[in-house]
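Written out below as structure tokens is the structure these notes cover.
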Amino acid sequence: MTSKLGRVLTAREILSLVSGDLEKVEAELRLESVGSVDAVSQIAQYLQGNGGKRLRPMLLLVACRLFQEPSIQAIQLGAVVELIHTATLVHDDVIDEADTRRGKPSANILWGNHTSVLAGDWLYMQAFQIALRQRRFEVLELLITLTQQMVDGELLQLERIGKLEVTEADSMELIDRKTASLFSACTKLGAIAGGADEREQTLLGEFGWNLGMAFQMVDDILDFTSREAVLGKPVGNDLREGKLTLPLIYALETASAEERAQVDSVLRTRAYDETPFSEILRIVNRHGGIERTRRRADEFTGKARTLLEVFPESAAQRALLAATDLVADRDR
């Protein structure tokens, strides 16, 4: 009970600091999600209204507040990172043939793959259009590099779909490109918008990267330990889609040949018909995959907290520290 109360208070602490800023981001998103083609507007507005914690713009805004109150440029950048995040989700759902997103039908189920892919492309371009208005080369360079990293990550993941021989290093590379790079961009963009110097920008970029690494590792744990109502998608979905994540990668290092064959059966059939999910979960727990992944996540959140120590104590600094707790503890 104590830890749950602590999580609520932590989230409230962050939200109270930037709630007004986030309302402005929401208004910007509504304004910028209207396209010249009805289908694009419908998909964009459906996705923007389909839940989501706005964690990425929140991180950007809190990072900005380490130095000054967010300007209209910071608000616009908050919308930019949320649009990029939404675009990646649309494309991911098409690639993964997902049925649900945040507990509701995914865009590809409602509008089909072709329209969804084009809508995702439109969201990417709209994000860059907003960023371009700021006429800041360093912002555009950061966003272009980020987008390339995320696409590279998606391609790498496709190459490894259905393969049993995936290493810890392979998984770390994917997390870096697909998740941590966006978190890093958010906190660094916040620093840029706040007028931070290059050293401060770099430190906050590293903070976001470490936070993003931990965030994805906890997500990988939740895919085994959570409930569908909490996740907004079926439990055990990663393996069903042919993806080996860290808890299972670690477990397979000491698993028996029979256990490896059971995991391979799910990868091969994309279903839990031959080997039920409960048995996969037993394999993961038997070989300490979840505990080891949690320790690795804690290492990254610890590093993130250390990076914040150079900044003077303030409401924004405490909120960023709270964000590391929120990421680390959301499955406990």
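Each value in this text was obtained by applying a stated rule to the coordinates, not by laboratory testing. Since this is a predicted model, take the numbers as computed values, not measurements. Cβ: placed from backbone, ideal geometry, glycine included. Neighbour counts: every protein chain shown.
Stretching the chain fully between residue 104 and residue 132 yields a gain of 6.8 nm (0.36 nm per residue, less the alpha carbon separation). The gain in end-to-end length when the residue 164 to residue 68 segment is fully stretched comes to 29.7 nm, 0.36 nm per residue minus the alpha carbon separation.
By the rule of a C-alpha distance below 13 Å, with chain neighbours fewer than 8 residues away ignored, the aspartates and glutamates paired with residue 303 are 206, 325.
Among the listed pairs 178/243; 188/243; 53/178; 24/53, a Cα-Cα separation exceeding 24 Å is found for 188/243. Checking every one of the trypsin sites (Lys or Arg not before Pro) in segment 195-272 against DSSP loop status and a limit of 11 other Cβ atoms within 10 Å picks out 227.
The phi-based Karplus calculation (6.51 cos²θ - 1.76 cosθ + 1.60; θ = phi - 60°) puts the 3J(HN,Hα) values of segment 240-254 at 4, 8, x, 9, 9, 10, 3, x, 7, 4, 5, 4, 5, 4, 10 Hz, whole numbers, x for Gly and Pro. Here the simple spin-label model places points 7 Å from the Cα toward Cβ, and for residue 37 and residue 117 these points are separated by 1.3 nm. Across segment 137-144, computed HN-Hα scalar couplings (Karplus, 6.51 cos²θ - 1.76 cosθ + 1.60, θ = phi - 60°) run 4, 5, 5, 4, 4, 4, 5, 5 Hz from first to last residue, x flagging Gly and Pro. Measure nothing fancy, just the Cα-based angle from helix 181-193's long axis to the longest principal axis of the chain, in degrees from 0 to 90, nearest 10. On a 0 to 90 degree scale, this one is about 10. Summing Cβ point charges (Lys, Arg +1; Asp, Glu -1) relative to the Cα centre of segment 2-329 gives a dipole of roughly 720 debye.
In terms of surrounding Cβ atoms within a 10 Å radius of their Cβ, 265, 184, 16 rank from fewest to most as 16, 265, 184. Residues whose amide H comes within less than 5 Å of that of residue 71, counting only those at least five positions distant or on another chain, are absent (H built at 1.01 Å from N in the peptide plane). Backbone amide hydrogens, once placed in the peptide plane, bring residue 101 within less than 5 Å of 106, excluding anything fewer than 5 places away on its chain.
The convex hull defined by the C-alpha atoms of the chain has an orientation-averaged projected area of 16.2 nm². Compared with the dominant Cα axis of the chain, that is its longest principal axis, helix 198-225 is turned about 30°. Across segment 2-329, the relative contact order, built from alpha-carbon pairs under 8 Å that are at least six residues apart, equals 21 percent. At full extension, residue 227 and residue 23 could sit 70.4 nm farther apart than now, given 0.36 nm per residue minus the alpha carbon distance.
In the chain, helices alone account for a calculated mean residue ellipticity at 222 nm of -24500 deg cm²/dmol, with every DSSP H run of four or more residues adding -39,500 (n - 2.57).
Within the straight-line cut-off of under 13 Å between alpha carbons, the aspartates and glutamates reachable from residue 104 are 93, 228, sequence neighbours fewer than 8 places apart in one chain being disregarded.
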